[in-house]
1. Do we find a residue being open to solvent by 30 Å² or more (accessible area, probe 1.4 Å), under 25 Å from Gly275 (Cα atoms) and touching a residue at least 24 places away in the same chain (Cβ under 8 Å) anywhere in the stretch 48-57?
2. For the stretch 209-255, how many residues are closer than 21 Å to Lys118 by Cα and either open to solvent by 60 Å² or more (accessible area, probe 1.4 Å) or in contact with a strand residue (DSSP E or B) (Cβ under 8 Å, 6 or more places away or on another chain) (or both)?
3. Among the helices (runs of 4 or more DSSP H) lying completely within the stretch 1-49, list those that include at least 2 residues that are at pLDDT 85 or above.
4. Could you run through the stretch 58-87 and say how many residues are assigned to a helix (DSSP H, G or I) and free of Cβ contacts under 8 Å to residues at least 40 places away in the same chain?
5. Criterion first (open to solvent by 60 Å² or more (accessible area, probe 1.4 Å) and over 22 Å from Thr20 (Cα atoms)) does Gln92 satisfy it?
6. Can you tell which of Val62, Val101, Val123 is open to solvent by less than 50 Å² (accessible area, probe 1.4 Å), within 17 Å of the chain's Cα centre (by Cα) and within 21 Å of Thr23 (Cα to Cα)?
7. Yes or no: Val156 open to solvent by 30 Å² or more (accessible area, probe 1.4 Å), closer than 16 Å to Met111 by Cβ and modelled with pLDDT of 90 or more?
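The values are calculated or read from the model by the stated rules, or taken from the named source; none is laboratory data. Computed from a prediction, not measured in an experiment: that's the story for all the values here. Cβ: placed from backbone, ideal geometry, glycine included. Neighbour counts: every protein chain shown. Only protein heavy atoms, including side chains, enter the accessible area calculation; ligands, DNA and RNA are left aside. Shrake-Rupley method; radii C 1.70, N 1.55, O 1.52, S 1.80 Å.
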Amino acid sequence: MVAGALAGMGEHMVMYPVDTIKTRMQALGHPGMQLDKSLRRAIVSARHREGIRGLYKGVTAVALGAGPSHALYFASYEAAKQLYGGNQRGHQPLATAAAGVTATVVNDACMTPWDVVKQRMQVSHSPYGGIFQCVRETYRAEGARAFFKSFWTTLVMNVPYTAIHFATYESCKTYFSGADDDRGDGGGEDAEETLAVQLGAGGSAGGLAAFCTTPLDVVKTRLQLEGVTSATRYETMAVRPILMRIMREEGFSVLFRGWQPRVLFHIPSAAICWGIYESFKSFLGGNGHGNGAGRRDDDDDDNR
């Protein structure tokens with residue numbers, strides 16, 4: 001849990017400016033407001049309007065939420081992976097995908113309110129000066145429901161995201177480390193995972209999962225910013241009707257708006273997250289050779 005908390009905080013805080021750019025590209029503006037529809041335009045306008053400091057608005061909300069939510073996230077993942085057979089020898093993508101889905105249900109319940117506050121602070125014309133003002137005024141105007149109205153959309157997005165992410169991560173680790181290599185040249189089941197393998201596998205998994213789930217992320221962003229950046233209201237919290245309305249009113253391409261900064265965010269952030277998690281898990285567990293979450297070590301299991 002300590003390793004997971006450090007990984008989550010490190011991942012989100014390091015990559016926070018890129019996430020801010022993504023949010024601004026996906027947000028729907030008031031009539032006449034000039035929207036940041038391209039990655040270059042979003043970066044240039046943010047730099048001219050607010051400078052680097054403006055890209056970190058709301059980062060405190062992430063720092064407060066990412067620690068406990070990622071502690072539960074990785075603890076749930078490890079427990080579920082053991083339960084589903086993901087630690088058995090060989091390639092186990094389905095078990096690790098199912099463990100990731102289990103973990104994201106726990107994580108999203110904890111992180112969604114903080115994510116709402118973060119995104120309301122990130123938009124370029126945010127009416128809030130700080131996270132506590134944002135929490136207070138959001139609660140006063142919309143009630144507690146405002147902090148959780150995107151929960152099911154977030155869950156619908158993160159279930160496929162996490163399934164793709166964790167299955168790809170474990171598969172890439174197996175491939176990059178040669179753990180399934182039976183050629184007799186030093187590979188095989190006991191091939192050691194290095195930090196480079198973990199970073200490469202994490203980045204590959206994060207980028208692929210981020211691109212595939214971008215349309216659902218657009219819906220989540222619109223729900224979380226409802227009434228903040230535009231007067232548009234969605235009469236439902238169901239994903240499909242909102243997707244259909246966006247396509248009808250704005251076109252299909254809008255569903256992939258922000259995919260570039262989203263992928264640019266998730267490739268390094270996933271690499272950072274897995275690198276910190278695997279390294280601190282090994283360090284705190286007293287294991288000096290960094291076997292990581294995906295290492296299958298039957299002797300250790302027997303000793304425990």
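1. Yes, the stretch 48-57 has at least one match.
2. Summing the residues that are closer than 21 Å to Lys118 by Cα and either open to solvent by 60 Å² or more (accessible area, probe 1.4 Å) or in contact with a strand residue (DSSP E or B) (Cβ under 8 Å, 6 or more places away or on another chain) (or both) in the stretch 209-255 gives 3.
3. Because the criterion is at least 2 residues that are at pLDDT 85 or above, the helices (runs of 4 or more DSSP H) in the stretch 1-49 that meet it are 2-14, 16-26.
4. So the count comes out to 6.
5. In short, no.
6. Matching residue, one of Val62, Val101, Val123: Val62.
7. no
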